[in-house]
Amino acid sequence: MKTYKQLTYAQRCQIYALKKIGMSQNKIAKQLNVNQSTLSREFARNTGKRGYRINQAQQATIKRRIDARKAIKMTSILIALINIKLDDKWSPEQISGWLKKERGISISYETIYQHIYSDKRNGGQLFQHLRRKGKAYPSAQ
């Protein structure tokens, strides 16, 4: 399975230069070792009134990447609800299941654990509400 790779700034510079001298999309794609559809999409997304411009293409790409990030599910209300359930000695697995069944909120127990350990790193006490304290390791001597 092929992995998706975005065009780099250097590749965009090459695309600009090769397009400027009149090279076809197919030949540019072969030169850069990318699929022709990648170039077609690049031109469709990033060609303005003044043609294809490197810096504008790069800035538009960065903006699209930022806009495409996942929405933050851990709202302050949800965090408060999770903290209440942790105080009641619920496990993250139980909380995750309860949120899905009762509230229709799909959040993994791993996300809840990440919240707990993030709280611990910041000096919080949520980790003390976990039923299991983790495996005890012998101290190094």
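The values are calculated or read from the model by the stated rules, or taken from the named source; none is laboratory data. Everything numeric in this text was worked out from a predicted model, so none of it was measured. Please note: Cβ atoms are built from the backbone with ideal geometry, for glycine as well, and neighbour counts cover all protein chains shown.
Looking only at the range 107-141, filter to residues that are under 14 Å from LYS89 (Cβ atoms) and either small (Gly, Ala, Ser) or touching a Leu at 6+ places or on another chain (Cβ under 7 Å) (or both); which one of those is modelled with the lowest pLDDT?
HIS129
Failed condition for MET74, given (1) more than 26 Å from THR3 (Cα to Cα); (2) in a helix (DSSP H, G or I), with all others met?
Result: MET74 passes all but (2).
Please go through the range 1-24 and pick out each residue that is surrounded by 12 or more Cβ atoms within 10 Å (Cβ to Cβ) and farther than 13 Å from GLU42 by Cβ.
Within the range 1-24, ALA17, MET23, SER24 qualify.
Name the residues in the range 32-54 that are of a type in the set (Val, Ile, Thr), over 17 Å from TYR4 (Cβ atoms) and outside any strand (DSSP E or B), would you?
Of everything in the range 32-54, just one residue is of a type in the set (Val, Ile, Thr), over 17 Å from TYR4 (Cβ atoms) and outside any strand (DSSP E or B), namely ILE54.
Among the residues in the range 78-87, are any free of Cβ contacts under 8 Å to residues at least 12 places away in the same chain, in the same structural domain as ASP119 (by TED's automatic domain parsing) and over 22 Å from TYR4 (Cα atoms)?
Checked the range 78-87: at least one residue is free of Cβ contacts under 8 Å to residues at least 12 places away in the same chain, in the same structural domain as ASP119 (by TED's automatic domain parsing) and over 22 Å from TYR4 (Cα atoms).
Evaluate the following for ASP87: is it at pLDDT 90 or above and either more than 30 Å from GLN128 (Cα to Cα) or surrounded by fewer than 13 Cβ atoms within 10 Å (Cβ to Cβ) (or both)? Outline the logic, then answer.
Numbers: at pLDDT 90 or above: yes; either more than 30 Å from GLN128 (Cα to Cα) or surrounded by fewer than 13 Cβ atoms within 10 Å (Cβ to Cβ) (or both): yes.
Yes.
How many residues are more than 19 Å from the chain's Cα centre (by Cα) and under 30 Å from ILE112 (Cβ atoms) if we restrict to the range 31-80?
5
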